[in-house]
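Beneath this line is the structure, given in structure tokens, with notes to follow.
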Amino acid sequence: MRRKKRIFLILCAALFLTGCADKPQIKQVKNVEVKEDKEVHKQLYKKAESGVKEEKDESAKIIVLDPGHSGIVAEGNEPLGPGSAEFKAADTSGTTGVSSHVPEYELTLQLSAQLKKELENRGYTVLMTRESNDQPVSCIQRAQVANDAKADAYVRIHANGSTNQSVQGAMTICTTPQNPFVPELYTLSRKLSDSIINKFCEIAGCENDGVWETDTMSGNNWSQVPATIIELGYMTNPQEDMLMQTPEYQGKMIQGIAAGIDSFFE
Ligand SMILES: [Zn+2]
């Protein structure tokens, strides 16, 4: 009997101990898991926080650059402006260098990529509406990048074309004071256009064709931030076309636009 009792007690103790030992173990595992999750979340949160701080310098102005056109043209039509019954092509193929045979979309992307670096060196936060020539982007989608970023300036880079090969010079394009979609942006868009065209022509040394005010550009009409188009020069003019392909003149064009943006914020 004694032996049986002892065995029974040992069995009970064993069950009790293993039972007790198991429970804290499960708890411990669960606790570790929870703890680890919290730590991971904390670390991720810290990372995200520091990332936001690095990217979002409160004092840095945001510039959105739009390299005109693309190697793959966005299909279909879009309203001329928000709520408009008039439709325009979502994008067009642009012009081509009469002598260089370089398509406009290549020149605009090449120049925008260099301009982005120059602006970043000057302390701006810069976003691009496209970074490759295989990316179709419509005019609304381009404007949306500037709107979503709440950009301080939306600068659209294009080169001009004409049936008359002797036509040359640069111009900027903005909306009119009577624009049916964003009339409140006229003053700032005009100031941006003036600042850029004047500095651009001064530094590049090209003919200044001034600011063209029109409400026919859907990319400008869809922008909720100050916007301008700069037409760098005429790719249909053999001399200006070849000049715009030289690294030296590209450097001047970049300095000109960057100085114009600086001057807009002064
Ligand atoms: Zn163009």
Residues whose placed amide H lies under 5 Å from that of GLY233, excluding near-sequence neighbours: ASN160
Given 0.36 nm per residue, what is the gain on full extension from THR92 to GLU266 after removing their alpha carbon distance, in nm? 59.2 nm
Dmax and Rg, reported as Rg then Dmax, of segment 37-264 (C-alpha, Å): 18.3, 69
Once the convex hull of the C-alpha atoms of segment 151-242 is built, how many Å³ does it hold per residue, rounded to a whole number? 91
Ranked highest first by the average count of other Cβ atoms within 10 Å around their residues, in what order do 120-126, 245-251 fall? 120-126, 245-251
Roughly speaking, what is the stretch gain from SER100 to GLN114, that is 0.36 nm per residue apart minus the C-alpha to C-alpha distance, in nm to one decimal? 3.1 nm
For a label point 7 Å along the Cα-to-beta-carbon line of THR246, residues of segment 192-217 with backbone N under 14 Å: 204-206
Sorted by chain and number, the residues with a modelled amide H under 5 Å from that of VAL137, at a separation of 5 or more or across chains, are ALA74
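None of the figures in this text is laboratory data; all of them are computed from the coordinates on show. Worth saying up front: this structure is predicted, and the values here are computed from it rather than measured. Don't worry about glycine lacking a Cβ; one is built from the backbone with ideal geometry, like all the others, and counts go over all protein chains shown.
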